[in-house]
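Undergrad: The structure's right below; bear with me while I get my questions together.
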Amino acid sequence: TGIDAAKQLAAWTAVDEHVLPEHKLIGIGSGSTVPFVVERILAQGKELNKDRVFLPTGFQSKELIVNAGLTLGDVDQYPNLDVTIDGADEVDRRLNCIKGGGACQLREKVLAEAAETFIIVADFRKNSETLGTTWKQGVPIEVTPFAYARLLQNLHRMGSKAAALRMAKAKAGPVVTDNGNFVIDAPFSSSRYEEPEQILREIKMLTGVVEVGLFCNMAKAAYFGNEDGSITIKL
Ligand code: DER
């Protein structure tokens, strides 16, 4: 489909430009775009990849690395990476991202921060001027289950009237993350999304918040595949 081709174009272009022969420690994100990243890295050949270590941003990412026959690594052993490539739910004009649609934002943010270079790959639907334009589900927030009810109250008080616990579809009850936590999705008004770092700081200070799916001042570049087969690169 047009969207898969767009994801593949973004992923292949980003790998060609940012996963270089001298890069040995590589963070792999989560979602449906990063399989195209791994596909392109495999195409660089066994000779190059045998000396590389790949760090996952969650269970799905780990399985992607294992199934590709690439060497798995742990951030305990490699706390500093050359490059991390990940998807996003939406990216604004200043490369701020909403992430966490896949409920993986905690480990994603750890590996994004650990990398010398953090790159976003996505299809055209994620390319916005301001956050909240296409992604209406709100800011994904990983929270400790013990505090979720109080956090809902605090987020409602903060202006996110629609903040709600993310319920699972194929399981009774809430989504549980790879870290055993819950996710609250907190929508904000478009005016508030104009300053995503302000929202990030306010949410991060609330008791019981583990990590916030707003990645501000982290990405070095974002690659978007377009429907017409062209590529858009935001720097
Ligand atoms: O949860 C995330 O942040 C993931 O990166 C994910 O949302 C990316 O989505 P994708 O399936 O469109 O790549």
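Undergrad: If the elastic network links every pair of Cα atoms under 10 Å, which of Val139, Val38, Val176 fluctuates the most in the Gaussian network model of the chain?
TA: Val176
Undergrad: By how many degrees, between 0 and 90 and to the nearest 10, does the Cα long axis of helix 105-114 differ from the longest principal axis of the chain?
TA: 50 degrees
Undergrad: Let me ask something else. If you take the charge dipole of the stretch 98-235 about its Cα centre, with +1 on Lys and Arg Cβ and -1 on Asp and Glu Cβ, which of Met205, Phe182, Pro140 is farthest toward its positive end?
TA: Final value for the positive-end residue is Phe182.
Undergrad: Can you give me the accessible area per residue for the stretch 40-175, using a 1.4 Å probe, in Å²?
TA: Result: 47 Å² per residue.
Undergrad: Putting +1 on Lys and Arg Cβ atoms and -1 on Asp and Glu Cβ atoms, find which of Ile3, His156, Asn67 reaches farthest to the positive end of the dipole of the chain.
TA: Looking along the dipole axis, the top candidate is His156.
Undergrad: Subtracting the Cα-Cα distance from 0.36 nm times the residue separation, let me have the gained length for Phe59 to Asp74 in nm, one decimal.
TA: Stretched fully, the Phe59-Asp74 segment lengthens by 4.1 nm.
Undergrad: Of Ser189, Ser160, which has the most accessible area with a 1.4 Å probe, and how do the rest follow in descending order?
TA: Sorted descending by solvent-accessible area, the residues read Ser189, Ser160.
Undergrad: Using 1/(1 + (r/R0)^6) with R0 = 22 angstrom and r between the beta carbons of Thr1 and Gln44, what's the FRET efficiency to the nearest 0.05?
TA: In this case the efficiency is close to 0.25.
Undergrad: Then there's this: Subtracting the Cα-Cα distance from 0.36 nm times the residue separation, let me have the gained length for Phe146 to Glu17 in nm, one decimal.
TA: Full extension from Phe146 to Glu17 adds 42.1 nm.
Undergrad: Taking only Cα atoms and a 10 Å spring cutoff, compute GNM fluctuations for the chain and point out the largest among Ala222, Ala170, Ala112.
TA: Ala170
Undergrad: Spin-label point model (7 Å from Cα, Cβ direction): what's the Lys169 to Glu197 distance in nm?
TA: 3.6 nm
Undergrad: On a C-alpha basis, how far is the centre of the stretch 100-132 from the centre of the stretch 168-210 in Å? Whole number, if you could?
TA: The two parts, judged by their Cα centres, are 15 Å apart.
Undergrad: Give the ranking of Asp4, Asp228, Asp86 by solvent-accessible surface, highest area first, calculated with a 1.4 Å probe.
TA: The ordering from most to least exposed comes out as Asp228, Asp4, Asp86.
Undergrad: How large a share of the accessible area of the chain, in percent, is made up of carbon and sulfur atoms when the probe is 1.4 Å and the other protein chains stay in place?
TA: The value for the chain is 54 percent carbon and sulfur by accessible area.
Undergrad: For Arg157 and Ser190, compute 0.36 nm times the residue count separating them, minus their Cα-Cα distance, and round to one decimal in nm.
TA: 10.2 nm
Undergrad: Now, a different point. Regarding the stretch 43-99, what whole-number volume in Å³ per residue does the convex hull of its Cα atoms give?
TA: Considering the Cα atoms of the stretch 43-99, their hull volume per residue is 126 Å³.
The values are calculated or read from the model by the stated rules, or taken from the named source; none is laboratory data. Just so we're clear, the structure is a prediction, and the values are computed from it rather than from any experiment. All Cβ positions, even for glycine, are placed from backbone atoms using ideal geometry, and neighbour counts span all protein chains on display. Accessible surface is based on the protein model in full, side chains and every heavy atom, while ligands, DNA and RNA are left aside. Shrake-Rupley method; radii C 1.70, N 1.55, O 1.52, S 1.80 Å.
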